[in-house]
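The values are calculated or read from the model by the stated rules, or taken from the named source; none is laboratory data. Just so you know, these numbers come straight off a predicted model, no measurement behind them. Cβ sites come from the backbone with ideal geometry, for glycine too, and all protein chains shown count toward neighbours. Surface accessibility is based on the protein's heavy atoms, side chains included, excluding ligands, DNA and RNA. Shrake-Rupley method; radii C 1.70, N 1.55, O 1.52, S 1.80 Å.
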Amino acid sequence: MTCEMLFDFATIPARERDKLLLSTVIPRPIAWIVSLGLDGQLNAAPFSFFNAFAVDPPVVGIGIGSHDAARPKDTRLNIRDTKQFVVNLVSEEMAQAMNITAIDFEPDVSEISEAGLKTRPSVYIKPPRIADSPVAMECELMQIVALGTDTGLVLGRVLAMHVRKDFVIDPAKYYIDSSGLKLIGRMHSGWYARTSDRFRMNRISREEWEAGNTNRAPVLERP
Ligand SMILES: Cc1cc2nc3c(=O)[nH]c(=O)nc-3n(C[C@H](O)[C@H](O)[C@H](O)COP(=O)(O)O)c2cc1C
């Protein structure tokens, strides 16, 4: 019999809940967000409380906290104030630059220039995208759901997606070379995961299940 330990979140301080959640909800995709302040100040920072939640309307969500109780992260303030942002996705080759943009700079410092990044204009919104990111989504704010006093779940509608041409397999069919993107995911503390070690497992239809035809071993795919 396996033996488990129960961690009751009602009795665990937030700092420790953080460890439990971040080391088990893995890997998490990373939204590398570019936003603009009301004064036009450019900002970039990574967030791994991130995912896509709907396709109609197309919605992404990001949980953005505070540096401390009185200081919400600049990205959340910018999105609240200007209602627009770009979610760039992070490839292995962009990992180090992404990490630089997570430094807690003063609001008047642009992480984009600190990390030596180039930008390209967006089509629908003011914040630009990161030129070398393989995928960038132009988003407009739908809603910020307050999570406690220090965190906001930002829900954004995706207006358009830019995908680097070499990763578009068939534009008519909207096929993307997702393994070619070499995106990274966040694990716990300083650990990251690659998306190159994958396996394939097809869905089983009800007919196959009822006919007993389910002998499909997962197919491994290595780079
Ligand atoms: C890979 C990675 C993922 C992160 N994910 C989050 C997150 O989901 N939520 C959050 O509040 N901070 C997250 N951070 C920390 C922010 O990036 C960091 O606090 C940053 O300075 C915020 O910048 P800003 O004040 O310009 O918005 C993450 C950092 C890294 C390196």
GNM of the chain, Cα pairs under 10 angstrom: of 172, 95, 69, the biggest fluctuation goes to 172
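Using a 1.4 Å probe on the protein heavy atoms, what percent of the accessible area of the chain belongs to carbon and sulfur? Please list the in-between numbers first.
Values: 7930 of 14440 Å².
The C+S portion of the solvent-accessible surface of the chain is 55 percent.
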Everything considered on the Cα gyration tensor (a ≥ b ≥ c; rounded for a/c under 1.5, else prolate if a/b is larger than b/c, else oblate), the chain must be described as oblate
Ranked output for segments 201-214, 142-155, 25-38 by mean other Cβ atoms within 10 Å, highest leading, reads 25-38, 142-155, 201-214
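If the chain between residue 20 and residue 7 were fully stretched, how many nm would it gain, using 0.36 nm times the residue separation less the Cα-Cα distance? Before the final figure, lay out each step's value.
Numbers: separation 13, 0.36 × 13 = 4.68 nm, distance 0.87 nm.
Additional length available on full extension: 3.8 nm.
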With x for Gly and Pro, the residue-by-residue ³J(HN,Hα) of the range 86-102, computed from phi through the Karplus equation 6.51 cos²θ - 1.76 cosθ + 1.60 at θ = phi - 60° and given in whole Hz, is 10, 9, 9, 9, 10, 8, 3, 6, 9, 4, 5, 5, 4, 5, 5, 6, 8
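Can you bin the range 6-48 into rounded, prolate or oblate? Criterion: square roots of the alpha carbon gyration tensor eigenvalues sorted a ≥ b ≥ c, rounded for a/c under 1.5, prolate for a/b above b/c, oblate for the rest.
Working: a/c = 5.96, a/b = 2.31, b/c = 2.57.
Here the range 6-48 falls in the oblate category.
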In whole Hz, the Karplus estimates of ³J(HN,Hα) for the range 109-124 (6.51, -1.76, 1.60; θ = phi - 60°; x where Gly or Pro) are 9, 8, 4, 4, 6, 4, 8, x, 8, 9, 10, 10, x, 7, 8, 9
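Write down the accessible area per residue of the chain in Å², having rolled a 1.4 Å probe over the full set of protein chains.
Values: 14440 Å² over 223 residues.
That works out to 65 Å² for each residue.
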Most packed first (mean Cβ within 10 Å per residue), the peptides 184-195, 99-110, 123-134 order as 123-134, 184-195, 99-110
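Going by the alpha-carbon gyration tensor, a ≥ b ≥ c the square roots of its eigenvalues, is the range 33-133 rounded (a/c under 1.5) or, if a/c is not under 1.5, prolate (a/b greater than b/c) versus oblate? Don't skip to the end; give the middle numbers.
Working: a/c = 1.25, a/b = 1.07, b/c = 1.18.
Verdict is rounded for the range 33-133.
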Once both label points are put 7 Å beyond Cα along the C-beta direction, the residue 207-residue 131 separation in nm becomes 5.3 nm
